[in-house]
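Student: One structure, as structure tokens, below. Some questions next.
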Amino acid sequence: MRPTTPRTGAWLTVELRRGDGTVLAYRRAHNAVLAGGAQLIADLFRGTDGAGPVNRMSVGANPAPEVPPFATTELSASSPDTGELAGPRDVPIAPGAFAVTLEPERRRVLVTARLVLPAGDATALRGPVAEAALLHQAGDGSRRLYNRVTFEPVTKRAEQELSLYWEVAFPFGDPD
């Protein structure tokens, strides 16, 4: 059973699975919204050119938690503590991948998505995954990270699937 998401904040659940579906590793961690992510939301409010939806997920190898000023602009493919990732580290996100649920009793809107780094051949993602982010990638290739989450590394092999379950809660109403 997965833990209940609190009223505000964002969380990530990570499951590494063998080809037969057996869960090999499980992680759950709290996200940090980055300065660029807050700016992305502000720019969406204003309709600023270059602002756009969260349309990609990326993973990296750095398990160091984000600290103020929350200024990460890209995830790292390697870390001296964990090693190096190889293969594609990004997954595109279609608009329909996000489920939006109004929870009036908890005074929040919950956005969820299951995003998968698939199993594959020797060119699939492999190595120590210790961080993940949601981001907007513009048509010109420029990227703006919304958030970043770090967790105890899981080592993904090419033949394994890595599922990342994102939960982002937006509160409404009077503060508690």
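Student: Calculated from the structure, Kirkwood radius over Cα pairs in Å equals which of (i) 17.4; (ii) 20.9; (iii) 16.8?
Tutor: (iii)
Student: Work out from phi, with θ = phi - 60° and the Karplus expression 6.51 cos²θ - 1.76 cosθ + 1.60, the ³J(HN,Hα) of each residue of the stretch 94-109, listed in order in whole Hz, and give x for Gly and Pro.
Tutor: 6, x, x, 6, 8, 9, 10, 10, 7, 10, x, 5, 9, 6, 7, 10
Student: Going highest first, how would you order 28-34, 108-114 by mean Cβ packing within 10 Å?
Tutor: Values: 28-34: 18.4, 108-114: 16.4.
In descending order of packing, they fall as 28-34, 108-114.
Student: Something else: Counting heavy atoms of the protein chains only and a 1.4 Å probe, report the per residue accessible area for the chain as a whole number of Å².
Tutor: Values: 8990 Å² over 176 residues.
With all protein chains present, the chain gives 51 Å² per residue.
Student: For the stretch 31-176, with all protein chains present and a 1.4 Å probe, just round the carbon and sulfur fraction of the accessible area to a whole percent.
Tutor: Values: 4220 of 7250 Å².
Roughly 58 percent of what the probe reaches on the stretch 31-176 is carbon or sulfur.
Student: Using only Cα atoms, locate the centre of the stretch 4-68 and the centre of the stretch 111-176, then give the distance between them in Å, rounded to an integer.
Tutor: If you average the Cα positions of each part, the centres end up 6 Å apart.
Student: Restricted to Cα positions, what overall size does the stretch 38-82 have along the principal axes? Three whole-Å values, descending.
Tutor: For the stretch 38-82, the Cα extents along the three principal axes come out at 41, 23, 11 Å.
Student: So, one more: Only Lys, Arg, Asp and Glu count, each charged at its Cβ (+1, +1, -1, -1), so figure out the dipole size of the chain about its Cα centre, rounded to 20 debye.
Tutor: Details: 19 positive and 20 negative charges, 50 e Å.
That gives the chain a dipole magnitude of about 240 debye.
Student: For the stretch 49-105, divide the Cα radius of gyration by the Kirkwood radius and give the resulting Rg/Rh value with two decimals.
Tutor: Working: Rg = 15.5 Å, Rh = 14.4 Å.
That ratio equals 1.08.
The values are calculated or read from the model by the stated rules, or taken from the named source; none is laboratory data. On a predicted model such as this, the values are computed, not experimentally measured, just so you know. Every residue, glycine among them, receives a Cβ derived from its backbone with ideal geometry; neighbour counts consider all protein chains shown. Just so you know, the surface numbers come from the protein's heavy atoms only, side chains and all, with ligands and any DNA or RNA stripped out. Shrake-Rupley method; radii C 1.70, N 1.55, O 1.52, S 1.80 Å.
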